[in-house]
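Quick note: the coordinates plus some simple rules give every number you see, no bench work behind them. Bear in mind that the values here come from a model prediction, so they are computed numbers and not experimental data. Ideal geometry is used to build each Cβ from the backbone, glycine not excepted, and the neighbour counts take in all protein chains shown.
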Amino acid sequence: MNKITQLFKIKYPIIQGGMIWNSGYKLASAVSNAGGLGLIGAGSMYPEVLREHIQKCKKATDKPFGVNIPMLYPNIEEIMNIVVEEGVKIVFTSAGNPKTWTSFLKSKGITVVHVVSSSVFALKAQEAGVDAVVAEGFEAGGHNGREETTTFTLIPMVKEKIQIPILAAGGIATGRGMLAAMILGADGVQVGSRFAASLESSAHNNFKDTILSTNEGGTQLTLKELAPVRLIKNKFYNDVQALYETCPSKEELITLLGRARAKKGMFEGDLEEGELEIGQIAGLIHEILPVEQIIQQMMTEFEAACEEKTKFEF
Ligand SMILES: Cc1cc2nc3c(=O)[nH]c(=O)nc-3n(C[C@H](O)[C@H](O)[C@H](O)COP(=O)(O)O)c2cc1C
């Protein structure tokens, strides 16, 4: 048992990060059934769709699971009420101020975790009363901090500032990565990209196949003026770069981004015009695997690496 397995009543300290268009109830329940903690990603769901996924998740697993709620969500109040009505026990909030919803969720007996990209925000989250933080480095897939702090530097800096449990996120897809993060001070890990390329992810197969062919250097953090996001370098990404050459206004960037790009790319499989969000670690993902196998491989490698680390000789 460690702080994270105790907090969530799970077997392994591996959290599957909430991921728009990837993490519906099938992925979340598969991760929970395999001993980790699965999160339904509310960010791409209308309120009633979220309710349906929560209800299906309850049927698909008797293990703990949670919901990730990016707080920029326009129907945020409705979403929070659904989570409470459906008896969800764990909520991971992101993209917003942890003060806004933490006390409401805690008053309903919900365990609250907030995603941060700096030690300053980690401290604010702790002050807001969350139970743990996800410290997410610049390598991560999806939306990201502006300051470009890598996981390797972020975790010890967060550890220095706060006392509550820390989940490391960004660039972790293997047991060795997990061990490294824990040696740096994390109590567990949140993994996104590796699970996006799983059998149970709801993403389109075109997107999953593209993850496998994305190599080192194949992603870049962009659109910092809007909401920084790490994307695969496809046609849409190149269009964004071409627009940057003209020193565009924020409005021009918003116009190019348009609406529903992420859905188009990751859910509908439009590899040219869609937004394809993935982390730098895609370069190490070579197979689409069932969740259970991913978690077993991570844990086997983690345990072997723990043994090995006592054998350094100089
Ligand atoms: C396709 C994709 C979608 C994501 N969507 C969300 C989201 O809706 N909310 C959120 O808090 N984080 C989101 N993330 C971040 C993940 O939850 C996780 O923290 C991150 O992927 C960890 O880094 P990794 O990709 O290197 O494993 C997303 C990541 C990916 C790859």
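Would you mind putting 224-232, 150-158 in packing order, based on average other-beta-carbon counts within 10 Å, highest first?
The peptides rank, most packed first, as 150-158, 224-232.
Determine the alpha carbon to alpha carbon distance for each of Lys58/Lys208; Lys3/Lys309; Lys9/Lys233 and list only those over 30 Å.
As for pairs spanning more than 30 Å Cα to Cα, those are Lys9/Lys233.
Considering only the other residues whose Cβ falls under 15 Å of the Cβ of Phe8, what net charge follows from Lys and Arg at +1 and Asp and Glu at -1?
Here the charged neighbours net out to +2.
So, R0 is 25 Å and r is the distance between the beta-carbons of Asn97 and Lys56; what FRET efficiency does that work out to, to 0.05?
0.20
Please list, in chain and number order, the residues 5+ apart from Gly142 or on another chain whose amide H is under 5 Å from its amide H, with Hs placed from the backbone.
Amide H neighbours of Gly142: Arg230, Ile278.
Around Met19, what is the net charge, scoring Lys/Arg as +1 and Asp/Glu as -1 over all other residues with Cβ under 14 Å from its Cβ?
+1
So what does the Cα-only Debye profile of the range 1-117 read at q = 0.15, 0.16 Å⁻¹, as log10 I(q)/I(0), no solvent term?
-0.57, -0.66
Could you give log10 I(q)/I(0) at q = 0.15, 0.20, 0.22 Å⁻¹ for the range 131-272, computed by the Debye formula over C-alpha point scatterers of equal weight, without solvent?
-0.84, -1.21, -1.32
Figure the gain on full extension for Lys9 and Glu127 (residue separation times 0.36 nm, minus the Cα-Cα span) and round it to one decimal in nm.
40.1 nm
Per the Debye formula with a single identical scatterer at each Cα and no solvent contribution, what log10 I(q)/I(0) holds for the range 102-162 at q = 0.12, 0.13, 0.23 Å⁻¹?
-0.29, -0.34, -0.87
Any chance you could list P(r) for the range 153-227, counting all Cα-Cα pairs in 10 angstrom bins from zero, rounded to whole %?
17, 35, 35, 13, 0
What translational diffusion coefficient, in µm²/s and rounded to a whole number, does the Stokes-Einstein relation yield for the range 216-281 at 37 °C and a viscosity of 0.692 mPa s, taking the hydrodynamic radius as the Kirkwood radius over Cα pairs?
Once the numbers are plugged in, D ends up at 275 µm²/s.
Over all directions, how big on average is the projection of the convex hull of the alpha-carbon atoms in the chain, in square nanometres?
15.9
For Lys106 and Ser213, FRET efficiency with R0 = 35 Å and r from the beta-carbon atoms, rounded to 0.05?
0.20
Using helices alone, I'd like the mean residue ellipticity at 222 nm for the chain: each DSSP H run of four-plus residues gives -39500 (n - 2.57), total over residue count, nearest 500.
The helix contribution divided over the chain gives -11000 deg cm²/dmol.
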